Amino acid sequence: MKKIPLGIFKYSCCAGCQFQFFFFQEHVLETLGAVDILYCKMGTSGGVKEGPFEVALIEGAITESWQVDELKRIREVSRFLIPIGSCAVNGGIPAIKDIYPEIEVEKRVYQDLSVIHSVKAHPIDEYVRVDGYVRGCPMGERDLLELLTSLLLNTKPSFPEYCVCVECKLKGAICLLIAEGKPCMGPVTNAGCGALCPSHRRACYGCWGPVSDANAPALAKKFEQLGLAPDDIVRKFTQFASPTIEFRKGAEMYE
Amino acid sequence: MSEKVISIDYLARVEGETAIKISIKGKEPQELKLNIFEPPRFFEGFLVGRKHDEVPDIVARICGICPVSHMTTALRAIEKAMGINPSQQTKILRRLMSLSQMVSSHLIHLYMLAMPDYYGYPGAQEMLPEFTEELSRLMRMKKVMNDLTAAIGGRASHPVSAVVNGFTDLSSPQALKKLHRDLEKTEDDAVRTVRMVSEFPFANFFRKAEYVALNAANHYAMMEGSIVSSEGLDIPEEDYEEYFEEEEVSYSMAKRAKVKAGGPLMVGALARLNLKFDQLSPSVRKLAQEVGFKIPDYNPFHNNLAQSLELLYGIQECRQILENLELFPEDSSYRVRAGEGGAVTEAPRGLLYHRYAINARGVIEKANIVTPTVHNFANIEEDMRHLVRQNSDLPEKKIALLCEMLARAYDPCFSCSVH
């Protein structure tokens, strides 16, 4: 079988999605056997940055202008360009800073701001056309393998497009929001994790980002009924994916 | 006088982004810069205003390979700030989770990031199919260690069940028993790893540093104890900021830490072994002797060998903890209080410090995080200066590779260092 010519690029993030690719998932050796990694700084010295790539996997949010320049060049030489993981898909954790004035955040960390070239954190599709999303924090194993298998078989990958609640129901897990009054983000969060947190008796905190038909205002009101203070409700919708319109709708009611 | 210029646009096979620039006149390195251009994410900036119970999940995302360390350090700092004393069971589970993550991290570094250097390959993928046996061994070990981290924390990377004052969920006795058996089978693979690493052709280079680690009287400390150094430092973790300082560096997004009264320091596996080798199990010490590892060891390249020995120790220690471990559901409720607290843990790459000031509503008012690579930054540069001086007669390409290998031997995490 022909190997998939692949490029892996990292922007502002923890590199956890690359570690998912190379270490944490179950099928690392099979994955390495199926792809031909042309460029990946963390995996290999040298490499061909110029491509062309059958698929470019992009992790991390965009927070500096050089990343945009590079990203646009990668788009030109890639058949498929896929953001992997929450930072790249929806801004993830790095985008928490977007809800504060940039200077306030920066000056708490550095004294000399003249060498800092940071801008607000944006997902990849803010700057280039993308061909799908591998969601999750880190990116989901099932979705990653679905993507790779589809590329090998030349079929269209199928990713879950429903909320975490569906996975809870399929697992027969007790609803933490209704039965225990815990502020669970499951109803507005895209599935794919297998209802990981609720399965561990913990309210979902939205790390996969919003599902497309999320009704955040309704959930925000539910949180208010549960007794959450307005600022706590805002935090629920700004921990992950704060730039997305779906989560913004929940946060802005209480800002 | 002859001039040489070393310019490495990016250091491959490390976590995060760094360039290396060196100019050499005659034998003397003139300019030498570890240009850590990893983009800052401003964790210490945006944590201000967040709720304390969000912090462990947020800081886990500082690093994709040591999320457990950032989580547990934050949890301990927050608990100290609020005067919470977690149960013995919680402490044991955190130790298990940290040890399993340390083994995983060392595995990645030894097999995927460092090993290709010593066999002349650009990366681990290129080592297939010739090194199938080694890589299959890696896969067997990583499966067990990932399963163990996940059994305690719910997920191997970015765990979910570790929260302030406890765990939301506990592993079943059957799952723990199975892991105990799996660990037993893994020991042989770990011993083979030590032997393999001991045969890497390490550079013959020695430079003494101030080695710093967390130390406790009766066990190999991961998260409780005092901060000690080879130069006689011995302080409680609360006093960290009195004895260590960070400075901004014009050419780097990472800051550089040093001991206030001293200079560059080294943290991580080699520092830990140099300071507390005697606390390893007799069988690990015996194997160390067999493969020629002897303390004090001043060769930073031997950090790889130290990691392999720690890997074996970690597997043995996890197995021992699991031996008679019985878990019981506990009340992990707590009262939110204002306060300030700092905590130090041993991350896979060395000393990690978190400090938080929290108000009466449990909201973060101040955050400070100092990572292992920030502690090692100055010492990597200092070692590199000496290494370049000793090898200045070599062609530029060879000097460059040596410098890359030196930096990699420290197992730096530049994503962590900038955070």
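Are any of the residues in the stretch B:358-376 farther than 25 Å from B:A306 by Cβ and in a helix (DSSP H, G or I)? There is no residue in the stretch B:358-376 that is farther than 25 Å from B:A306 by Cβ and in a helix (DSSP H, G or I).
If you go through the stretch A:205-218 and keep only what is within 19 Å of B:E54 (Cα to Cα) and free of Cβ contacts under 8 Å to residues at least 40 places away in the same chain, you end up with just A:Y205. Within the stretch B:146-161, being at the interface with another protein chain (Cβ under 9 Å from one of its Cβ atoms) and over 20 Å from the mean Cα position of the chain (by Cα) holds for B:G154, B:V160, B:S161. All of (1) in contact with a helix residue (DSSP H, G or I) (Cβ under 7 Å, 6 or more places away or on another chain); (2) closer than 17 Å to B:V103 by Cα hold for B:A271 with one exception: (1). Residues in the stretch B:15-56 that are aliphatic (A, V, I, L, M) and at the interface with chain A (Cβ under 8 Å from one of its Cβ atoms): B:V48 alone. Here the stretch B:123-144 is the region considered, the condition is being farther than 13 Å from A:V28 by Cα and free of Cβ contacts under 8 Å to residues at least 24 places away in the same chain, and the residue that is surrounded by the most Cβ atoms within 10 Å (Cβ to Cβ) is B:M127.
Restricting A:K49, A:K3, A:K41, A:K10 to residues that are within 30 Å of B:E126 (Cα to Cα) and within 14 Å of the chain's Cα centre (by Cα) narrows the list to A:K10. Restricted to the stretch A:125-187, the set of helices (runs of 4 or more DSSP H) holding at least 1 residues that are under 20 Å from the mean Cα position of the chain (by Cα) comprises A:141-153, A:164-171. Candidates in the stretch A:69-80 are the residues that are among the acidic types (D, E) and within 14 Å of chain B (Cβ to nearest Cβ); of these, the one that is nearest to B:G123 (Cα to Cα) is A:E70. When you scan the stretch B:118-126, do you find a residue that is in a helix (DSSP H, G or I), charged (D, E, K, R) and under 30 Å from B:E199 (Cβ atoms), even just one? Taking every residue of the stretch B:118-126 in turn, at least one turns out to be in a helix (DSSP H, G or I), charged (D, E, K, R) and under 30 Å from B:E199 (Cβ atoms).
Summed over the stretch B:227-257, the residues that are over 16 Å from B:D278 (Cβ atoms) and crowded, with 17+ Cβ neighbours inside 10 Å give a count of 14.
Restricting the stretch A:81-96 to residues that are within 13 Å of chain B (Cβ to nearest Cβ) and of a type in the set (V, I, T) leaves a set whose member that is surrounded by the most Cβ atoms within 10 Å (Cβ to Cβ) is A:I84.
Filtering the stretch A:188-202 to residues that are assigned to a loop (DSSP other than H, G, I, E, B) and either on the phi < 0 side of the Ramachandran plot or touching a Phe, Trp or Tyr at 6+ places or on another chain (Cβ under 8 Å) (or both) leaves A:A191, A:G192, A:C193, A:H200, A:R202.
Scan the stretch A:35-68 for residues that are away from every other protein chain (no Cβ under 11 Å), surrounded by fewer than 20 Cβ atoms within 10 Å (Cβ to Cβ) and farther than 18 Å from A:M1 by Cβ and the total you get is 5. Only strands (runs of 3 or more DSSP E) whose full extent lies in the stretch A:1-87 are considered here, and the ones with at least 2 residues that are closer than 21 Å to B:T18 by Cβ are A:4-10, A:35-39, A:53-59.
Quick grid of which residues meet (1) over 17 Å from the mean Cα position of the chain (by Cα); (2) farther than 16 Å from B:L352 by Cα:
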position: B:V197; (1), (2): yes, yes
position: B:F200; (1), (2): yes, yes
position: B:N204; (1), (2): yes, yes
position: B:A213; (1), (2): no, no
position: B:A217; (1), (2): yes, yes
position: B:M222; (1), (2): no, no
position: B:L233; (1), (2): yes, yes
position: B:P236; (1), (2): yes, no
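Selection of the stretch A:20-34 for residues being in contact with a strand residue (DSSP E or B) (Cβ under 8 Å, 6 or more places away or on another chain) and crowded, with 21+ Cβ neighbours inside 10 Å yields A:Q20, A:F21. Restricting attention to the stretch B:127-168, the residues being touching a Leu at 6+ places or on another chain (Cβ under 7 Å) and assigned to a loop (DSSP other than H, G, I, E, B) number 5.
Taking the stretch B:1-14 as the range and being farther than 30 Å from B:S161 by Cα, within 14 Å of chain A (Cβ to nearest Cβ) and in contact (Cβ under 8 Å) with a residue 60 or more places away in the chain as the test, the residues that pass are B:I8, B:L11, B:A12, B:R13. Restricting attention to the stretch A:204-229, the residues that are within 14 Å of chain B (Cβ to nearest Cβ) and surrounded by 14 or more Cβ atoms within 10 Å (Cβ to Cβ) total 8. Note on the stretch A:209-255: enclosed helices (runs of 4 or more DSSP H) holding 2 or more residues that are farther than 20 Å from A:H122 by Cβ and among the charged types (D, E, K, R) are A:216-225, A:230-236. Can you find even one residue in the stretch B:331-346 that is touching a helix residue (DSSP H, G or I) at 6+ places or on another chain (Cβ under 6 Å), surrounded by fewer than 24 Cβ atoms within 10 Å (Cβ to Cβ), hydrophobic (A, V, I, L, M, F, W, C) and not in a helix (DSSP H, G or I)? No, every residue in the stretch B:331-346 fails to be touching a helix residue (DSSP H, G or I) at 6+ places or on another chain (Cβ under 6 Å), surrounded by fewer than 24 Cβ atoms within 10 Å (Cβ to Cβ), hydrophobic (A, V, I, L, M, F, W, C) and not in a helix (DSSP H, G or I). Residues that are at pLDDT 95 or above and more than 21 Å from A:G16 (Cβ to Cβ) are absent from the stretch A:137-146. Against the numbered list (1) modelled with pLDDT of 95 or more; (2) within 24 Å of A:C137 (Cβ to Cβ), A:P52 comes up short only at (2).
Looking at the stretch A:98-125, which of the residues that are small (G, A, S) and in contact (Cβ under 8 Å) with a residue 24 or more places away in the chain is nearest to the other protein chains (Cβ to nearest Cβ)? Across the stretch A:98-125, the extreme among qualifying residues is A:S118. Within the stretch B:362-378, residues that are surrounded by fewer than 20 Cβ atoms within 10 Å (Cβ to Cβ) have Cβ atoms under 9 Å from residues that are modelled with pLDDT of 95 or more and of a type in the set (S, T, N, Q) in these pairs: B:E365/B:N359, counting only partners at least 6 apart in sequence or on another chain.
The values are calculated or read from the model by the stated rules, or taken from the named source; none is laboratory data. As the structure is a prediction and not an experimental result, all values here were calculated from the model. Glycine gets a Cβ as well: all are built from the backbone with ideal geometry, and neighbour counts include every protein chain shown.
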